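First the structure, in the form of C-alpha coordinates, and then the observations on it.
The values are calculated or read from the model by the stated rules, or taken from the named source; none is laboratory data. Note that the structure is a prediction, hence the values are computed from the model and not measured. In this analysis, Cβ positions are derived from the backbone assuming ideal geometry, glycine residues included, and neighbour counts consider all displayed protein chains.
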Amino acid sequence: MGWQRWISEAGGRIAAHVRRTPVMQVELGGFSIALKLEQMQHTGSFKARGAFNTLLQAAVPEAGIVAASGGNHGAAVAYAAARLGHRARIYVPEIAGPAKIALIRAQGADLQVVPGAYAEAAARAAEWQAATGAMVVHPYDAETTVAGQGTVMAEWEDQGLEADTVLIAVGGGGLIAGALGWLGARRQVVAVEPETSCALNAALAAGQPVDVEVSGVAANALGARRIGDICFDLAQGVQSVVVSDAAILAAQALLWRELRQLVEPAGATALAALLSGAYRPAPGERVAVLICGGNIAPDPLA
(Lines give C-alpha, C1' and ligand atoms only; values in the text may rest on other atoms or scores of the structure.)
Protein backbone atom coordinates (compact mmCIF):
# COMPACT_ATOMS: atom_id res chain seq x y z
CA MET A 1 0.00 0.00 0.00
CA GLY A 2 2.98 2.33 0.32
CA TRP A 3 3.23 3.18 -3.36
CA GLN A 4 -0.49 3.80 -3.72
CA ARG A 5 -0.42 6.22 -0.80
CA TRP A 6 2.66 8.02 -2.13
CA ILE A 7 1.13 8.31 -5.59
CA SER A 8 -2.19 9.53 -4.22
CA GLU A 9 -0.36 12.17 -2.17
CA ALA A 10 1.67 13.14 -5.23
CA GLY A 11 -1.52 13.60 -7.22
CA GLY A 12 -2.84 16.10 -4.73
CA ARG A 13 0.51 17.85 -4.50
CA ILE A 14 0.96 18.44 -8.23
CA ALA A 15 -2.66 18.91 -9.31
CA ALA A 16 -2.41 22.68 -9.67
CA HIS A 17 0.78 22.41 -11.71
CA VAL A 18 0.09 19.71 -14.33
CA ARG A 19 -2.54 19.02 -16.96
CA ARG A 20 -5.18 16.34 -16.67
CA THR A 21 -4.47 14.85 -20.09
CA PRO A 22 -7.24 13.52 -22.35
CA VAL A 23 -8.14 9.92 -23.06
CA MET A 24 -9.87 8.37 -26.05
CA GLN A 25 -11.18 5.03 -27.29
CA VAL A 26 -10.23 4.35 -30.90
CA GLU A 27 -10.23 1.69 -33.59
CA LEU A 28 -6.67 1.56 -34.86
CA GLY A 29 -4.80 -1.05 -36.84
CA GLY A 30 -7.62 -3.55 -36.37
CA PHE A 31 -7.71 -3.13 -32.59
CA SER A 32 -10.02 -1.31 -30.20
CA ILE A 33 -7.62 0.61 -27.99
CA ALA A 34 -7.92 2.97 -25.04
CA LEU A 35 -5.33 5.75 -25.34
CA LYS A 36 -4.07 8.32 -22.86
CA LEU A 37 -2.50 11.29 -24.58
CA GLU A 38 0.23 12.24 -22.14
CA GLN A 39 2.21 13.92 -24.92
CA MET A 40 -0.18 16.83 -24.26
CA GLN A 41 1.34 17.34 -20.81
CA HIS A 42 3.47 20.45 -20.12
CA THR A 43 6.72 20.30 -22.14
CA GLY A 44 5.37 17.40 -24.17
CA SER A 45 5.73 14.38 -21.87
CA PHE A 46 4.70 12.83 -18.56
CA LYS A 47 7.98 13.98 -17.01
CA ALA A 48 6.50 17.19 -15.57
CA ARG A 49 4.66 15.07 -13.00
CA GLY A 50 7.79 13.64 -11.42
CA ALA A 51 9.62 16.94 -11.63
CA PHE A 52 6.91 18.87 -9.78
CA ASN A 53 6.42 16.12 -7.20
CA THR A 54 10.13 16.19 -6.41
CA LEU A 55 10.56 19.96 -6.26
CA LEU A 56 7.37 20.71 -4.33
CA GLN A 57 8.62 18.72 -1.33
CA ALA A 58 12.31 19.60 -1.49
CA ALA A 59 14.47 22.14 0.29
CA VAL A 60 16.29 23.39 -2.79
CA PRO A 61 19.80 24.65 -1.92
CA GLU A 62 21.26 27.99 -2.96
CA ALA A 63 23.17 26.18 -5.72
CA GLY A 64 19.85 25.27 -7.30
CA ILE A 65 18.93 22.15 -9.23
CA VAL A 66 20.87 19.94 -11.61
CA ALA A 67 19.55 17.22 -13.88
CA ALA A 68 20.81 15.00 -16.67
CA SER A 69 18.40 14.09 -19.41
CA GLY A 70 17.94 12.71 -22.89
CA GLY A 71 15.67 15.69 -23.39
CA ASN A 72 12.17 15.26 -21.98
CA HIS A 73 13.19 15.10 -18.32
CA GLY A 74 15.42 18.12 -18.71
CA ALA A 75 12.62 20.15 -20.24
CA ALA A 76 10.25 19.14 -17.46
CA VAL A 77 12.73 19.96 -14.67
CA ALA A 78 13.55 23.29 -16.28
CA TYR A 79 9.84 24.08 -16.61
CA ALA A 80 9.03 23.11 -13.01
CA ALA A 81 12.06 24.94 -11.63
CA ALA A 82 11.18 28.15 -13.46
CA ARG A 83 7.62 28.10 -12.19
CA LEU A 84 8.71 27.43 -8.63
CA GLY A 85 11.45 30.07 -8.68
CA HIS A 86 14.55 27.86 -8.69
CA ARG A 87 17.71 27.95 -10.78
CA ALA A 88 18.30 24.86 -12.88
CA ARG A 89 21.32 23.53 -14.76
CA ILE A 90 20.47 20.81 -17.29
CA TYR A 91 22.95 18.48 -18.99
CA VAL A 92 21.84 16.80 -22.20
CA PRO A 93 23.73 14.70 -24.75
CA GLU A 94 24.05 15.77 -28.36
CA ILE A 95 21.70 12.96 -29.40
CA ALA A 96 18.86 14.78 -27.62
CA GLY A 97 18.46 16.58 -30.93
CA PRO A 98 17.75 20.21 -31.79
CA ALA A 99 14.03 20.17 -30.97
CA LYS A 100 14.48 18.98 -27.38
CA ILE A 101 17.53 21.15 -26.86
CA ALA A 102 15.54 24.19 -28.03
CA LEU A 103 12.64 23.22 -25.74
CA ILE A 104 14.91 23.11 -22.68
CA ARG A 105 16.56 26.38 -23.59
CA ALA A 106 13.13 28.01 -23.93
CA GLN A 107 12.39 27.17 -20.27
CA GLY A 108 15.26 29.41 -19.15
CA ALA A 109 17.59 26.77 -17.73
CA ASP A 110 21.38 26.86 -17.83
CA LEU A 111 21.71 24.30 -20.61
CA GLN A 112 24.87 22.24 -21.11
CA VAL A 113 25.05 20.07 -24.25
CA VAL A 114 27.73 17.37 -24.02
CA PRO A 115 29.11 14.83 -26.51
CA GLY A 116 27.86 11.25 -26.38
CA ALA A 117 24.67 9.77 -24.94
CA TYR A 118 22.71 10.05 -21.67
CA ALA A 119 25.43 8.36 -19.60
CA GLU A 120 27.88 11.13 -20.46
CA ALA A 121 25.36 13.81 -19.50
CA ALA A 122 24.70 12.01 -16.21
CA ALA A 123 28.43 11.92 -15.42
CA ARG A 124 28.76 15.66 -16.02
CA ALA A 125 25.71 16.40 -13.87
CA ALA A 126 27.20 14.31 -11.05
CA GLU A 127 30.42 16.31 -11.29
CA TRP A 128 28.48 19.58 -11.04
CA GLN A 129 26.51 18.33 -8.04
CA ALA A 130 29.71 17.28 -6.24
CA ALA A 131 31.35 20.64 -6.93
CA THR A 132 28.42 22.90 -6.01
CA GLY A 133 26.00 21.02 -3.75
CA ALA A 134 23.15 21.44 -6.23
CA MET A 135 20.12 19.20 -5.80
CA VAL A 136 19.89 16.33 -8.29
CA VAL A 137 16.49 15.51 -9.79
CA HIS A 138 16.83 11.98 -11.08
CA PRO A 139 14.90 11.15 -14.26
CA TYR A 140 13.64 7.74 -13.16
CA ASP A 141 15.30 6.04 -10.17
CA ALA A 142 14.02 8.12 -7.26
CA GLU A 143 10.90 7.56 -5.16
CA THR A 144 9.59 11.10 -5.67
CA THR A 145 10.03 10.81 -9.42
CA VAL A 146 8.32 7.41 -9.59
CA ALA A 147 5.43 8.55 -7.39
CA GLY A 148 4.91 11.58 -9.62
CA GLN A 149 4.88 9.46 -12.77
CA GLY A 150 2.44 7.07 -11.11
CA THR A 151 -0.16 9.83 -11.09
CA VAL A 152 -0.64 9.18 -14.82
CA MET A 153 -2.18 5.79 -14.08
CA ALA A 154 -4.13 7.02 -11.06
CA GLU A 155 -5.58 9.80 -13.20
CA TRP A 156 -6.41 7.41 -16.04
CA GLU A 157 -8.34 5.12 -13.72
CA ASP A 158 -10.18 8.14 -12.36
CA GLN A 159 -11.13 8.93 -15.95
CA GLY A 160 -12.85 5.55 -16.24
CA LEU A 161 -10.17 3.30 -17.75
CA GLU A 162 -11.60 -0.05 -18.79
CA ALA A 163 -8.70 -2.28 -19.73
CA ASP A 164 -7.29 -5.65 -18.81
CA THR A 165 -3.83 -4.78 -20.11
CA VAL A 166 -1.83 -1.54 -20.34
CA LEU A 167 1.15 -1.25 -22.68
CA ILE A 168 3.85 1.20 -21.56
CA ALA A 169 7.14 2.19 -23.17
CA VAL A 170 10.23 1.84 -20.98
CA GLY A 171 13.49 3.78 -20.89
CA GLY A 172 14.94 4.05 -17.39
CA GLY A 173 11.71 2.76 -15.92
CA GLY A 174 10.17 5.65 -13.97
CA LEU A 175 6.87 5.66 -15.83
CA ILE A 176 6.21 1.93 -15.76
CA ALA A 177 7.40 1.74 -12.14
CA GLY A 178 4.84 4.37 -11.19
CA ALA A 179 2.12 2.48 -13.06
CA LEU A 180 3.05 -0.78 -11.34
CA GLY A 181 3.19 0.95 -7.97
CA TRP A 182 -0.35 2.22 -8.46
CA LEU A 183 -1.92 -0.82 -10.10
CA GLY A 184 -0.27 -3.65 -8.22
CA ALA A 185 -1.75 -6.83 -9.74
CA ARG A 186 -5.13 -5.30 -10.67
CA ARG A 187 -4.27 -5.04 -14.37
CA GLN A 188 -1.60 -6.60 -16.56
CA VAL A 189 1.18 -4.18 -17.50
CA VAL A 190 3.32 -4.94 -20.55
CA ALA A 191 6.75 -3.33 -20.84
CA VAL A 192 7.70 -2.29 -24.38
CA GLU A 193 11.23 -1.32 -25.43
CA PRO A 194 13.12 -0.80 -28.68
CA GLU A 195 15.30 -3.75 -29.66
CA THR A 196 18.35 -1.48 -29.52
CA SER A 197 17.55 0.19 -26.16
CA CYS A 198 16.17 -2.49 -23.88
CA ALA A 199 17.57 -2.12 -20.39
CA LEU A 200 14.58 -3.71 -18.60
CA ASN A 201 14.33 -6.65 -20.97
CA ALA A 202 18.04 -7.36 -20.51
CA ALA A 203 17.81 -7.00 -16.73
CA LEU A 204 14.89 -9.40 -16.45
CA ALA A 205 16.77 -11.93 -18.58
CA ALA A 206 19.92 -11.55 -16.48
CA GLY A 207 18.17 -11.51 -13.13
CA GLN A 208 19.70 -8.14 -12.24
CA PRO A 209 20.20 -4.70 -13.80
CA VAL A 210 22.94 -4.80 -16.45
CA ASP A 211 24.45 -2.26 -18.83
CA VAL A 212 23.19 -2.32 -22.42
CA GLU A 213 24.23 -0.59 -25.60
CA VAL A 214 21.86 2.18 -26.67
CA SER A 215 20.91 3.28 -30.18
CA GLY A 216 17.94 3.67 -32.49
CA VAL A 217 15.14 6.09 -33.30
CA ALA A 218 13.90 6.39 -29.70
CA ALA A 219 17.29 6.54 -27.99
CA ASN A 220 16.97 10.18 -26.95
CA ALA A 221 13.97 9.29 -24.77
CA LEU A 222 14.24 5.55 -24.05
CA GLY A 223 18.02 5.28 -24.09
CA ALA A 224 18.88 4.44 -20.50
CA ARG A 225 22.01 2.29 -20.32
CA ARG A 226 20.78 0.51 -17.15
CA ILE A 227 17.28 0.08 -15.75
CA GLY A 228 16.54 1.81 -12.46
CA ASP A 229 16.59 -0.30 -9.31
CA ILE A 230 13.08 0.78 -8.34
CA CYS A 231 11.70 -0.30 -11.69
CA PHE A 232 13.58 -3.59 -11.62
CA ASP A 233 12.15 -4.44 -8.21
CA LEU A 234 8.58 -3.57 -9.19
CA ALA A 235 8.74 -5.22 -12.63
CA GLN A 236 9.40 -8.78 -11.50
CA GLY A 237 6.99 -11.00 -13.43
CA VAL A 238 6.02 -8.29 -15.91
CA GLN A 239 5.79 -9.33 -19.54
CA SER A 240 8.56 -7.60 -21.48
CA VAL A 241 8.60 -7.28 -25.27
CA VAL A 242 10.87 -5.50 -27.73
CA VAL A 243 10.06 -3.84 -31.05
CA SER A 244 12.06 -2.79 -34.08
CA ASP A 245 12.73 0.77 -35.16
CA ALA A 246 10.65 0.07 -38.25
CA ALA A 247 7.68 -0.94 -36.10
CA ILE A 248 8.06 2.20 -33.99
CA LEU A 249 8.13 4.45 -37.04
CA ALA A 250 5.10 2.66 -38.52
CA ALA A 251 3.13 3.23 -35.30
CA GLN A 252 4.22 6.87 -35.23
CA ALA A 253 3.01 7.32 -38.81
CA LEU A 254 -0.32 5.59 -38.11
CA LEU A 255 -1.02 7.84 -35.13
CA TRP A 256 -0.58 10.84 -37.43
CA ARG A 257 -2.49 9.47 -40.43
CA GLU A 258 -5.48 8.10 -38.52
CA LEU A 259 -5.72 10.33 -35.43
CA ARG A 260 -3.67 13.42 -36.29
CA GLN A 261 -1.59 12.80 -33.17
CA LEU A 262 1.99 13.85 -33.79
CA VAL A 263 4.25 12.00 -31.34
CA GLU A 264 7.94 11.26 -31.04
CA PRO A 265 9.19 7.68 -31.62
CA ALA A 266 9.23 6.96 -27.88
CA GLY A 267 5.59 8.04 -27.69
CA ALA A 268 4.66 5.46 -30.33
CA THR A 269 6.75 2.59 -28.97
CA ALA A 270 4.05 1.01 -26.79
CA LEU A 271 1.57 1.06 -29.67
CA ALA A 272 4.19 -0.54 -31.91
CA ALA A 273 4.09 -3.69 -29.80
CA LEU A 274 0.40 -4.14 -30.53
CA LEU A 275 0.51 -3.28 -34.23
CA SER A 276 3.61 -5.39 -34.95
CA GLY A 277 2.44 -8.48 -33.08
CA ALA A 278 5.17 -8.30 -30.45
CA TYR A 279 2.26 -8.36 -28.02
CA ARG A 280 -0.81 -10.38 -29.05
CA PRO A 281 -3.92 -9.85 -26.89
CA ALA A 282 -6.25 -12.75 -26.22
CA PRO A 283 -9.74 -12.71 -27.78
CA GLY A 284 -11.86 -10.19 -25.91
CA GLU A 285 -8.91 -8.72 -24.01
CA ARG A 286 -9.32 -4.98 -23.45
CA VAL A 287 -6.09 -3.15 -24.25
CA ALA A 288 -4.85 0.33 -23.35
CA VAL A 289 -1.78 2.15 -24.64
CA LEU A 290 -0.05 5.08 -22.95
CA ILE A 291 1.23 7.67 -25.41
CA CYS A 292 4.05 9.21 -23.41
CA GLY A 293 5.83 11.90 -25.45
CA GLY A 294 5.36 14.32 -28.32
CA ASN A 295 8.68 16.10 -28.75
CA ILE A 296 9.26 15.06 -32.33
CA ALA A 297 12.54 15.97 -34.03
CA PRO A 298 12.84 17.99 -36.04
CA ASP A 299 10.00 20.22 -34.89
CA PRO A 300 7.64 20.07 -37.89
CA LEU A 301 6.49 23.67 -37.39
CA ALA A 302 9.83 25.23 -36.47
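Some observations on this one:
- Evaluated against (1) touching a residue at least 40 places away in the same chain (Cβ under 8 Å); (2) within 30 Å of Pro300 (Cα to Cα); (3) in a helix (DSSP H, G or I), Ile230 falls short on exactly one condition, (2).
- Once segment 219-243 is narrowed to residues that are β-branched (Val, Ile, Thr) and buried (at least 19 other Cβ atoms within 10 Å of the Cβ), the residue that is nearest to Leu28 (Cα to Cα) is Val243.
- Looking only at segment 244-277, and only at residues there that are part of a loop (DSSP other than H, G, I, E, B) and buried (at least 19 other Cβ atoms within 10 Å of the Cβ), the one that is farthest from the chain's Cα centre (by Cα): Gln261
- Out of Ala15, Ala99, sole residue that is out of contact with any Cys (no Cβ under 6 Å at 6 or more places or on another chain), at pLDDT below 95 and surrounded by fewer than 24 Cβ atoms within 10 Å (Cβ to Cβ): Ala99
- Taking first residues from segment 55-79 that are buried (at least 24 other Cβ atoms within 10 Å of the Cβ) and partners that are assigned to a loop (DSSP other than H, G, I, E, B) and polar (S, T, N, Q), the Cβ contacts under 7 Å between residues at least 6 apart in sequence or on separate chains come to Gly71/Asn295; Asn72/Asn295; Ala75/Gln107; Ala78/Gln107; Tyr79/Gln107.
- Candidates in segment 195-218 are the residues that are closer than 21 Å to Gln149 by Cβ and in contact with a helix residue (DSSP H, G or I) (Cβ under 6 Å, 6 or more places away or on another chain); of these, the one that is surrounded by the fewest Cβ atoms within 10 Å (Cβ to Cβ) is Pro209.
- Residue check, Ala177 surrounded by fewer than 23 Cβ atoms within 10 Å (Cβ to Cβ) and under 14 Å from the mean Cα position of the chain (by Cα): no
- The one condition from (1) within 15 Å of Ala221 (Cα to Cα); (2) over 18 Å from the mean Cα position of the chain (by Cα); (3) of a type in the set (Phe, Trp, Tyr) that Tyr91 does not meet is (2).
- For Trp6, the conditions (1) outside any strand (DSSP E or B); (2) crowded, with 24+ Cβ neighbours inside 10 Å; (3) among the hydrophobic types (A, V, I, L, M, F, W, C) are fulfilled apart from (2).
- Unique residue being in contact with a strand residue (DSSP E or B) (Cβ under 9 Å, 6 or more places away or on another chain), over 29 Å from Ile101 (Cβ atoms) and touching a residue at least 12 places away in the same chain (Cβ under 8 Å) when the list is Glu258, Glu264, Glu193: Glu258
- Residue count for segment 18-54, restricted to those that are buried (at least 19 other Cβ atoms within 10 Å of the Cβ), among the β-branched types (Val, Ile, Thr) and more than 18 Å from the chain's Cα centre (by Cα): 1
- All positions within segment 278-298 that are aliphatic (A, V, I, L, M) and over 17 Å from the mean Cα position of the chain (by Cα): Ala278, Ala282, Val287
- Evaluated against (1) closer than 20 Å to Ala81 by Cα; (2) of a type in the set (Asp, Glu); (3) in contact with a Ser or Thr (Cβ under 8 Å, 6 or more places away or on another chain), Glu143 falls short on exactly one condition, (3).
- Answer residue from segment 203-221, given it is free of Cβ contacts under 8 Å to residues at least 60 places away in the same chain and in a helix (DSSP H, G or I) and is farthest from Pro281 (Cα to Cα) among those: Ala206
- Helices (runs of 4 or more DSSP H) enclosed by segment 86-202 - at least 1 residues per element that are among the polar types (S, T, N, Q): 118-132, 143-158
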